[in-house]
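Written out below as structure tokens is the structure these notes cover.
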Amino acid sequence: MIVLVINCGSSSLKYQVIDSDTEGVLAKGLCERIGIDGRLVYQPAGGEKEITESAMPTHKQAIQMVIDALVNEKTGIMKSLDEIGAVGHRVVHGGEKFAASAIITDEMLAAVEECSDLAPLHNPANLIGIRACQELMPNTPMVGVFDTAFHQTMPKEAYLYGVPYEYYENYAVRKYGFHGTSHSYVSKRAAAILDKPYESLKTIVCHLGNGASVCAVKNGHSVDTSMGLSPLEGLVMGTRSGDIDPSALEYIAKKEQLDLAGVLNVLNKKSGVMGLSGVSSDFRDLEEAEQAGNERAAMAQQVFNYRVVKYIGAYVAAMNGVDCICFTAGLGENNAVVRRQICEYLGYLGIQIDEEANKKRGEEVVISTPDSKVKVLVVPTNEELAIARETVALTE
Ligand code: ADP
């Protein structure tokens with residue numbers, strides 16, 4: 001089956017067309033600056049990347065442009081839109097309503113809409129993308145795949161915050177966790193690479209990208225994860241603060257004369273390694289600045305690493321042990337120095353890193369030595385493929 005995978009944000013939309021029989025990518029790209037001016041990037045498998053600047057006032061027009069590119073006589077990959085068997089949509093927040101992917105129906109969309117309060121920046125954009133696709137492809141089955149669903153197996157002691165219980169009962173205030181599609185995909189791949197049964201493995205996945213989170217996967221289930229009600233909790237990230245004393249919000253608000261929304265904007269967009277270093281949210285820029293002697297860049301990287309190490313320690317305790325630790329996402333897949341620095345803290349687990357193996361980037365590889373007590377792996381994530389698989393499973 002040919003599956004169109006859509007990841008729709010407020011002003012951008014990423015897409016991939018995947019042949020589920022071969023799991024190959026037939027075409028991919030993105031629409032940027034939707035509602036501003038508009039730019040389509042389209043790349044068929046084995047072909048040149050095409051960039052088209054063209055007005056995209058709405059998401060519907062953006063998706064129409066993607067469709068036009070896919071069926072284009074010269075560079076398209078299909079004759080007609082009918083060749084698309086199903087569409088898989090990434091949906092950020094499924095609250096407690098969705099513990100698994102779901103076929104998109106009117107009732108399902110109403111339930112996603114009810115979760116919008118919990119993810120006001122993400123869910124409305126995801127819904128716009130879904131509705132635009134439905135208008136253009138009314139007869140094609142569609143599936144929603146949630147970032148939160150994988151974490152619905154967390155036990156209460158992991159997901160409840162220490163606040164009045166009525167807040168949980170009345171407003172669903174709790175930890176949800178994100179990057180679930182990635183944590184699920186990577187932990188399953190790790191079991192396959194190690195040739196161990198997924199159902200009896202204790203795995204810690206470190207998804208280290210611009211957004212970053214750690215997840216404890218025990219016997220095939222997420223039992224804890226570092227992001228919370230929103231993606232702001234947990235690790236220090238590219239621009240997000242991660243964990244911070246909530247009292248600091250009021251203190252910062254007073255000192256900087258900001259309201260709550262203003263402080264949260266700083267914690268989401270101007271903090272993390274960006275705020276700490278004053279250099280960049282991109283870890284490549286930090287590395288470059290560090291090599292040029294920038295101490296704040298070095299310090300930002302150390303703060304980032306230390307927080308990852310603390311979460312790994314916490315999850316070893318939560319699972320009463322760990323069999324393997326996986327690194328994934330932009331930084332986890334590509335930055336050998338950060339992987340080594342993090343693993344240097346983990347000697348107490350009997351971890352030993354194979355320096356040669358750790359030099360590899362962007363491929364599945366075991367980077368621990370054969371006698372390392374805990375296996376350490378690099379597993380490139382593939383959220384689009386995971387979404388395509390879920391979509392096929394529900395629609396075929
Ligand atoms: P997100 O999907 O959350 O936007 P990514 O997973 O793409 O983030 O990760 C972005 C981070 O990964 C950047 O800070 C960047 O420094 C790092 N990164 C991405 N690609 C590479 C690469 N080829 N080499 C080194 N670092 C990389």
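Things to note:
- A 1.4 Å probe over all protein chains sorts ILE244, ILE325, ILE353 by accessible area into ILE244, ILE353, ILE325, starting with the largest.
- Rounded Å value of the spacing that divides the Cα centres of the range 174-230 and the range 1-32: 23 Å
- 10 °C / 1.306 mPa s Stokes-Einstein diffusion coefficient of the range 121-179, Kirkwood radius on C-alpha pairs, µm²/s: 113 µm²/s
- Rounded to the nearest 20 debye, the dipole magnitude of the chain is 660 debye, with +1 charges on Lys and Arg beta carbons, -1 on Asp and Glu beta carbons, and the Cα centre as origin.
- Pairwise FRET efficiency - ARG33 versus ARG361, Cβ, R0 = 41 Å, nearest 0.05: 0.85
- Cα shape, the range 59-187, gyration tensor, a/c 1.5 rule: prolate
- The length gained on full extension between SER54 and GLU157, counted as 0.36 nm times the residue separation minus their Cα-Cα distance, comes to 32.0 nm.
- Rounded to the nearest 10 degrees, the angle from helix 383-395 to the longest Cα principal axis of the chain is 50 degrees.
- Comparing THR105, THR239, THR181 in a Gaussian network model of the chain where C-alpha atoms under 10 Å apart are linked, the largest mean-square fluctuation is found at THR105.
- Separation of alpha-carbon centers, the range 340-376 and the range 233-264, rounded to whole Å: 34 Å
- Under the Debye formula (equal points on every Cα, no solvent term), log10 I(q)/I(0) of the range 3-48 at q = 0.32 Å⁻¹: -1.09
- Dipole check for the range 102-169: with +1 at the C-beta of Lys and Arg, -1 at the C-beta of Asp and Glu, and the Cα centre as origin, the magnitude is about 240 Debye.
- Charge sum, other residues only, whose C-beta stays under 11 Å from GLY88's C-beta, Lys/Arg counted +1 and Asp/Glu -1: -1
- For the range 154-286, the alpha carbon convex hull comes to 117 Å³ per residue, rounded to a whole number.
- Structure remark: mean-square fluctuation, Gaussian network model of the chain, C-alpha springs under 10 Å; the largest value among LYS74, LYS28, LYS360 belongs to LYS74.
- Spacing of the modelled spin labels on ALA110 and ASP282, each 7 Å from Cα toward Cβ, amounts to 4.6 nm.
- Under 15 Å from a label point set 7 Å out along the Cα-to-Cβ vector of TYR306, the amide N atoms of the range 194-235 belong to 235.
- The candidates LEU208, LEU81, arranged from most to least accessible area with a 1.4 Å probe in the full protein assembly, appear as LEU81, LEU208.
- Angle in degrees between helix 59-70 and the longest Cα principal axis of the chain, rounded to the nearest 10: 80 degrees
- Under 15 Å, Cβ to Cβ, from ASN335 - net charge with Lys/Arg +1 and Asp/Glu -1: -3
- Using only alpha carbons, the range 257-302 has a radius of gyration to Kirkwood radius ratio (Rg to Rh) of 1.11.
- Environment charge at MET78 (Cβ cut-off 15 Å; Lys +1, Arg +1, Asp -1, Glu -1): -3
- Folded to 0 to 90 degrees: helix 180-194 orientation relative to the chain principal axis, Cα: 70 degrees
- Phi to ³J(HN,Hα) by Karplus 6.51 cos²θ - 1.76 cosθ + 1.60 over the range 156-171, Hz, x for Gly, Pro: 4, 5, 8, 9, 7, 8, x, 10, x, 4, 4, 5, 6, 5, 8, 10
- Taken about its Cα centre, the range 210-299 carries a charge dipole of roughly 180 debye when the Cβ of each Lys and Arg holds +1 and the Cβ of each Asp and Glu holds -1.
- Its Cα gyration tensor gives the range 304-358 an equivalent ellipsoid, and the semi-axes of that ellipsoid, as √(5λ) in whole Å with the largest first, are 19, 13, 10.
- Note that the chain shows a convex hull volume over its alpha carbon atoms of 159 Å³ per residue.
- Rounded FRET efficiency, nearest 0.05, which uses the C-beta distance separating SER12 from ASN265 and R0 of 22 Å: 0.70
- The chain: most fluctuating residue of ALA192, ALA386, ALA119 per GNM, C-alpha cutoff 10 Å: ALA192
- Helix-only [θ]222 nm of the chain, DSSP H runs n ≥ 4, -39500 (n - 2.57) each, per residue, nearest 500: -11500 deg cm²/dmol
- Among the chymotrypsin sites (Phe, Trp or Tyr not before Pro) in the range 100-202, those placed in a DSSP loop whose Cβ has at most 15 other Cβ atoms within 10 Å are TYR161.
The values are calculated or read from the model by the stated rules, or taken from the named source; none is laboratory data. What you see is a predicted model; the values in this text were computed from it and never measured. When we count neighbours, we look across all protein chains shown, and the Cβ atoms used for this are built from the backbone with ideal geometry, even at glycine. Ligands, DNA and RNA are excluded from the accessible area calculation, which covers all protein heavy atoms including side chains. Shrake-Rupley method; radii C 1.70, N 1.55, O 1.52, S 1.80 Å.
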